[in-house]
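Enquirer: Quick one: the structure is below, and I'll ask about it shortly.
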Amino acid sequence: MSSIGIDDRWIPSQCYMCIHGCGILAHVVNGVLVKIEGNPDDPDNMGKLCAKGNAGIMKLYDQSRFKQPLVRVNKQKGRGVRPEWEKVSWNEALGIVEDELGKIRRKDPRKLVTSIAEFQRMWCWGWPLAYGTPNYFTAHGTYCGSAYHPVNAMTDGSFATFPDLNYCNYLIMMGASDGFEAHLHLSGSAKRMADARRRGMKLVVVDPRLSVAAAKADEWVPIIPGTDGAFALGMMYVLMVELDKYDRDFLKNNTNAPCLVGPDGLFVRDRNTKKPYVWDLADNTAKPYDDPTLVEPALKGEYSVGTPAFQLLLDEVMKWTPEKVSKITDVPSKTIRRIAREYVDAAQIGATIKINGREYPLRPACVQYYRGAQSHKHGILDNMALKLINTVIGNIDVPGGHLGVPVYGQLAIWPGEDGMHHGMPINPIEKWQFEPRFPPDSTHLIEFVPVGQGHFGGGHISALTVLEPQKYMLNYDPEALFILHCNAPYNMPETRRVLKAMEKFRFIVAIDVYPSEASDYADVILPDHTYLESWSMCESEAPFVIGPGFRQPVVKPLYDTRDATDICTELADRLEFLDRWNNVLNHFFELYKKPEYMLEPDKKYGIEEILDRYFRANFGDEWTLERVREKGHMVRLRTPEELYLPYGRLRIPVYYEFMQSVKYKMERFFAETGLKWDLSDFRPIPTWLESPIHRDSEYALYAINYKSALHAFSDSTANPWLREIMLRHPEIPYVLIHSETAKKLGLRDGEKVRITSRFGEGEATIKTTEGIHPSVVAMTNMGHWCQHPIAGSAGGINHNIFLSAGLDYTDMATGVFETAAKVNIGRA
Amino acid sequence: MSLRLTDLYPVWLVDLGAVITLLIIALGIAYRIVQLRRAGVFTLLRLSARQIGVSGLLVTSVKEIFSRVALSRDVISGSRWRWAAHYSQFAGFILCAIATTLVYIYYPTAEPREFTSVPKIVGNLGGILLILGGIYFLRKIANRGRGLADVAFTSMLFTAAVTGFATQFSRVSEEATLTFLFYTIHLLSVAVLLATAPLTKFFHAVQTPFLRLVERLSTSAMMKQGALAAGSRALKEDILLESVLRKYSYE
Amino acid sequence: MLIDLAYCIGCNACTIACKQEQGTPPNVLYARVLVREVGRYPNVGKVFLPLLCMHCENPPCMKVCPSGAITRTEDGIVVVNEEICSGAQACVTACPYGAIFYPDGPQTYFETPTPFEEYHMAKRRKFPSAMKCNLCIHRVREGKEPACVVTCPTECRIFGDWDDPNSKINKYLASRSPKGEPFPLRPEAGTRPKVLYLPDIFAVRRVQPIELVTSGEGVG
């Protein structure tokens, strides 16, 4: 309190204008939030805040917020239909939900589908599990991470990846805009990226669109969407075949590259120890990979016992000459060769660096990739190729290279039974055995798309199965939908179909802050606090830092709203599974570490109480909630020991044997059941396969979606400040098209056009540009139609209407779908 | 009835003073125009003309002058009193200027004396308006403690009006000394007022409407282009970007 | 202030940080970022140009203001005194940088003012009035940096005293590689701005020789 009569405070908390949660300081004067700034004490964002974080005030004071529980009056549902809400009491609203979900739970809990995208309260993802349904998905998780996360996990137990900007000298960014527009922790990453560039790091951006990263890069390489995997294979060809430059020591000592593969595609293992054999060139015998007498493990060649994994990779890479890759990607072979050479030269193979008295390899070159590069029909193969272009230069988790980033805590690295990194996708909540099952249990068919990580995998498949459960072999018919901050109708591909699925649900309950396309379909609204009125803690894929951020209310709740966690607890109590829910919380918050802090099965706990127990159980008794409130966060920089070589002597894969073993399970299963299923995506070595979009000649142009720094989830357009900038922006409200392409189509800049794909159509205004591949049009996340007056009137177009939710556009191993569409454009 | 102002100061002397004053004014205006040009105001006109054409520029100008700019309808909306005072000063000055011109043209040797003569009616009406407006603004200035230049300008305008009346009345009552005194102050204050006009607040009577007109023209030019940001800002943003791009091509 | 265009990523964090700090009404954006594409496919780049009031040593806005509402403080910050502003709007047109706003639309973003907006409306001495960036004078006098500077994720906005050799600005200039000469926007306007820019070396390298997308005429 600075002066008498004026209550003037700065309160530390955590941002939730995107998933990642930068540290913030909220300035509150007499109970009014007047400013949000980055918390300079938080080593993650270092006092910086992006536009979204700066716009939080307008989320709190949004006048369209749900101010009390609501019940739908208008029984008709559909695109643009007004729900006509009636205000009810909490008791009444909860009673209705209890009644509906209770009936379903007694009948068959699987009939409840849940759509949860609450990324900072991930324990809520366990609510469906406690309820008893396997059906939960995040609408946007499918978009970017389905194939990316499993391959990262298989490689080094990571969830996401980030270039080591402390040391990297040559960064190739593919379909990503880390540190510019999107992906991990924008504010801190932008600062680290700018500093790396100030240091002289060279940046090459491979992207169909001149993204901000591309605009700032030393070089922009336009590419055909969905061909980035081929580009990586072409680079590998140059490295491994033409230049013969790759990190042999790393491959031999830190990976499974020398391990011998038998004709069945599995490693030849020692019968007792399960350790794979390698071929020792010194005495021409096969030995377990860690045999003390091993001198010179072979990477190449074919031996009586088997073939080194590296040779199999080489055999595949041999097929991808830059000339061939050039035809696929539309990148000149000369460019592929030059970039590959620059990349491997920058890697300084053999160099080392001493940090804190410890010597590490120094590989200051990295290929960073994200959604644009790998969320495609054969996403898992793209991911493997893009991962291996890093692995072969030995830059995985070493200074200057390609760092794994866990969701929270440390990388999930532990020895498998063969003594190598266990190399399996991580599944944060359920124990999933990667076994196909018949009949499938879940609406997202994880039983058939086993490598996707539960809710990340194939969320969009729910739209297919909900509409036609029998066709997809479900033995039940989904009836109700539970929504927690998730906007499936806006965020999922093939809008037309998703809307039909939304209309089919008999009962929908939504926990949300303000109207969205999803809550427009709800029968009951349970209003949540905004992040500025509630408690939480979150650590979410932060590069370079570790430890949870901390959210506390900076103002008293403005309306008759409740905390989402508390709503989940209340519903669990009313629906009589509080014990199971408390068990989920005990696990998520790791309260079992100190049993005295564990939640009792039959008691309701408020989120404050749970957080107090969490901090004391995990950080020591002295870390009471009061103390954490003062400190404001528990984030610290990772030490070099945590960042570099986290796998130590545990070998990481070059050969994804796990995929081969899952493939066997799948083959066996499908042979037994007589069902037909496409297994071409299950491969231990990547290749590049065409997507339907590459074959579809009826539609002329690729339509891609890009993310601007102003967007997150689907609700940033509802923020009047952000919307104001979006509408003033020369690109965001429009569909970007190459000037020459527009000219050929007889279209002028600023003209209204009609865009059609096989799956939907829409109208938009075009913006002609030189900054896009001539065969591509690009659009970002506009085109809302929800009842929120600010978002709903912003205009623009939503890319999802052009995409397919079908299995023929889905990666059959992980459930990621093809995120590029094929469209035709004509005058509206 | 024998006191003539032309006896106090010969016509040639007043004329000489007027010529010198005009020269100073011309210099001042040139200085102001150079400044506005540097600030890019004429560039805005040129760019607007490029969008809507010179004829468009003229048509829009006439329309805007009559609909908005002349009466400052969109500018002074806050207080009716202020608007009234503002325009009584403006009209007062114009009327006085007209009266002076009439005298100059129709009474080259001796000014009229009847209060019913046209220049007298026009001039006195103007003087009253100037005084009324002046009272309002002097009161405001006194309340606010404004800068010296402003105080000087407003009081000088007021003084010119008051001494105009004082001269008239003293002349009617044949007070030669007083008349001489008032007339001298009157002539001097008018001369200083006009000579310094381009550098004082006086100039805003021309400059502000002109700038407002430029703003309106820029707006209609940008609206034709379909720009979101209306007004001169959108034109300037273009110039700024080009300014930066130019910088690059030098290096 | 110094703005290094090489590192501006057009994220608009400054735009909204300014909105928060100043509580400006719709369409009033003291800080904002312009974008312009340069070059031809595939040798094409994008230039981001962050703007704010240039706090000129010789400010045209101040000269044309009929009521003397615009002044330059001792520390070189050009400010509008809302109370004195008579609404003539001459400054809006005269500023070569488009930095002065005269709100003519609604004062709030929603139908009724939010508590945040009420807080700022209570602080405003007069509305409407000419409005412009005051370099967060209230923060600067407290020893803090302007809101747009502290939030800038890439730290391309650098705040400091040009005359102090130990200021952040001069230290940055000394350490930057390659060296660059800070330049003012529209030098021909003779305004002597106190906000200077460093060129986007990457855009230069990428698209050489730079082709102007628009003709470049009319810069006078």
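Enquirer: Any residue in the range B:215-229 that's within 10 Å of another protein chain (Cβ to nearest Cβ) and more than 18 Å from residue B:40 (Cβ to Cβ): show its pairings with residues that are at pLDDT 85 or above and outside any helix (DSSP H, G or I) at Cβ separation under 7 Å, as long as the two are six or more apart or on different chains.
Expert: From the range B:215-229, the pairs are B:226/A:750.
Enquirer: Condition first: buried (at least 23 other Cβ atoms within 10 Å of the Cβ), hydrophobic (A, V, I, L, M, F, W, C) and either more than 8 Å from chain C (Cβ to nearest Cβ) or more than 24 Å from the chain's Cα centre (by Cα) (or both). Now tell me which residues in the range A:32-59 satisfy that.
Expert: Selection gives A:33, A:36, A:57, A:58.
Enquirer: Further question: Condition check: in the same structural domain as residue A:461 (by TED's automatic domain parsing) and modelled with pLDDT under 95. Does residue A:121 satisfy that? Steps first, answer last, please.
Expert: Details: in the same structural domain as residue A:461 (by TED's automatic domain parsing): yes; modelled with pLDDT under 95: yes.
Judged against the criteria, residue A:121 is a match.
Enquirer: Which is in contact (Cβ under 8 Å) with a residue 12 or more places away in the chain, more than 14 Å from chain C (Cβ to nearest Cβ) and over 28 Å from residue A:580 (Cβ atoms), of A:101, A:25, A:70?
Expert: Details: A:101 fails: over 28 Å from residue A:580 (Cβ atoms); A:25 fails: more than 14 Å from chain C (Cβ to nearest Cβ).
Exactly one of A:101, A:25, A:70 is in contact (Cβ under 8 Å) with a residue 12 or more places away in the chain, more than 14 Å from chain C (Cβ to nearest Cβ) and over 28 Å from residue A:580 (Cβ atoms), namely A:70.
Enquirer: Can you tell me which residue in the range A:193-210 is farthest from the other protein chains (Cβ to nearest Cβ), limited to those that are assigned to a helix (DSSP H, G or I) and surrounded by fewer than 24 Cβ atoms within 10 Å (Cβ to Cβ)?
Expert: Keep residues of the range A:193-210 that are assigned to a helix (DSSP H, G or I), which gives A:193-199.
Add one more test, that the residue is surrounded by fewer than 24 Cβ atoms within 10 Å (Cβ to Cβ), and what stays is A:195-199.
Numbers: A:195: 8, A:196: 11, A:197: 7, A:198: 7, A:199: 9 Å.
Among those residues, the one meeting the criterion is A:196.
Enquirer: I'm checking my understanding of the structure. Among residues of the range A:264-275 that are touching a residue at least 40 places away in the same chain (Cβ under 8 Å) and farther than 13 Å from residue A:661 by Cβ, which one is surrounded by the most Cβ atoms within 10 Å (Cβ to Cβ)?
Expert: For the range A:264-275, the residue satisfying everything is A:275.
Enquirer: Shifting gears a bit: For a quick check of your reading: which helices (runs of 4 or more DSSP H) sit entirely within the range C:88-143 and have at least 3 residues that are within 14 Å of chain A (Cβ to nearest Cβ)?
Expert: On the way: elements: C:90-94, C:115-123, C:137-140.
Here the list reads C:115-123.
Enquirer: Any chance the range A:525-533 includes a residue that's closer than 30 Å to residue A:639 by Cβ, surrounded by fewer than 23 Cβ atoms within 10 Å (Cβ to Cβ) and not hydrophobic (A, V, I, L, M, F, W, C)?
Expert: Within the range A:525-533 (the criterion being closer than 30 Å to residue A:639 by Cβ, surrounded by fewer than 23 Cβ atoms within 10 Å (Cβ to Cβ) and not hydrophobic (A, V, I, L, M, F, W, C)), the answer is no, since none of the residues qualifies.
Enquirer: Can I ask one more? Let me confirm something: among B:40, B:17, B:28, which residue is touching a helix residue (DSSP H, G or I) at 6+ places or on another chain (Cβ under 7 Å) and farther than 23 Å from residue B:208 by Cα? Write out each step before concluding.
Expert: Numbers: B:40 fails: farther than 23 Å from residue B:208 by Cα; B:28 fails: farther than 23 Å from residue B:208 by Cα.
Going through B:40, B:17, B:28 in turn, the sole match is B:17.
Enquirer: Given (1) at pLDDT 95 or above; (2) more than 8 Å from every other protein chain (Cβ to nearest Cβ), identify the lone condition not met by residue C:75.
Expert: (1)
Enquirer: Grab the strands (runs of 3 or more DSSP E) fully contained in the range C:32-86, keeping just those with 1 or more residues being out of contact with any strand residue (DSSP E or B) (no Cβ under 7 Å at 6 or more places or on another chain) and not acidic (Asp, Glu).
Expert: Working: elements: C:32-40, C:43-51, C:70-72, C:78-80.
Per the criteria, C:32-40, C:43-51.
Enquirer: Output the number of residues of the range C:33-60 satisfying the condition of being more than 28 Å from residue A:770 (Cβ to Cβ) and at the interface with chain B (Cβ under 9 Å from one of its Cβ atoms).
Expert: To start, the set of residues in the range C:33-60 that are more than 28 Å from residue A:770 (Cβ to Cβ) comprises C:52-60.
This time we only want the ones that are at the interface with chain B (Cβ under 9 Å from one of its Cβ atoms), so: C:60.
So the count comes out to 1.
Enquirer: Something else now. For the range B:147-154, indicate whether the set of residues that are buried (at least 16 other Cβ atoms within 10 Å of the Cβ), more than 14 Å from every other protein chain (Cβ to nearest Cβ) and not basic (Lys, Arg) is non-empty.
Expert: no
Enquirer: Find the strands (runs of 3 or more DSSP E) located wholly in the range A:714-781 whose residues include 3 or more that are in contact with an Asp or Glu (Cβ under 8 Å, 6 or more places away or on another chain), and list them. Please lay out each step first, then the result.
Expert: Working: elements: A:735-738, A:752-756, A:761-769, A:776-779.
Result: A:752-756, A:761-769.
Enquirer: Considering only residues that are among the charged types (D, E, K, R) and more than 14 Å from chain B (Cβ to nearest Cβ), look in the range C:9-32 and name the one that is surrounded by the fewest Cβ atoms within 10 Å (Cβ to Cβ). Spell out the reasoning first.
Expert: Of the residues in the range C:9-32, the ones among the charged types (D, E, K, R) are C:19, C:21, C:32.
Now restrict to residues that are more than 14 Å from chain B (Cβ to nearest Cβ): C:19, C:21.
On the way: C:19: 29, C:21: 24.
Residue satisfying both the conditions and the ranking: C:21.
Enquirer: For the range A:714-761, name all the residues that are free of Cβ contacts under 8 Å to residues at least 60 places away in the same chain and more than 9 Å from every other protein chain (Cβ to nearest Cβ). Steps first, please.
Expert: Step one: list which residues in the range A:714-761 are free of Cβ contacts under 8 Å to residues at least 60 places away in the same chain, which gives A:724, A:728-731, A:738-744, A:748-750, A:761.
Within the range A:714-761, A:741, A:742, A:743, A:744, A:748, A:749, A:761 meet the criteria.
Enquirer: While we're on this one: I'd like to verify a number: residues in the range C:158-206 that are more than 14 Å from chain B (Cβ to nearest Cβ) and among the aliphatic types (A, V, I, L, M), how many? It would help to see each step written out before you state the result.
Expert: Taking the range C:158-206 as the starting set, the residues that turn out to be more than 14 Å from chain B (Cβ to nearest Cβ) are C:158-177, C:194.
From what is left, the residues that are among the aliphatic types (A, V, I, L, M) are C:158, C:169, C:173-174.
Of the residues in that region, 4 qualify.
Enquirer: Answer yes or no as to whether residue C:63 is surrounded by 24 or more Cβ atoms within 10 Å (Cβ to Cβ) and either within 14 Å of chain B (Cβ to nearest Cβ) or β-branched (Val, Ile, Thr) (or both).
Expert: Numbers: surrounded by 24 or more Cβ atoms within 10 Å (Cβ to Cβ): no; either within 14 Å of chain B (Cβ to nearest Cβ) or β-branched (Val, Ile, Thr) (or both): yes.
No.
Enquirer: Another one. Going through C:35, C:44, C:79 one at a time, which residue ends up being surrounded by fewer than 21 Cβ atoms within 10 Å (Cβ to Cβ) and closer than 23 Å to residue B:245 by Cα? Break it down stepwise before answering.
Expert: Working: C:44 fails: surrounded by fewer than 21 Cβ atoms within 10 Å (Cβ to Cβ); C:79 fails: closer than 23 Å to residue B:245 by Cα.
Just a single option satisfies the conditions, and that option is C:35.
The values are calculated or read from the model by the stated rules, or taken from the named source; none is laboratory data. A quick note: this is a predicted structure, and the numbers were derived from the prediction, not measured. Here the Cβ is made from the backbone with ideal geometry for all residues, glycine too, and neighbour counts use every protein chain on show.
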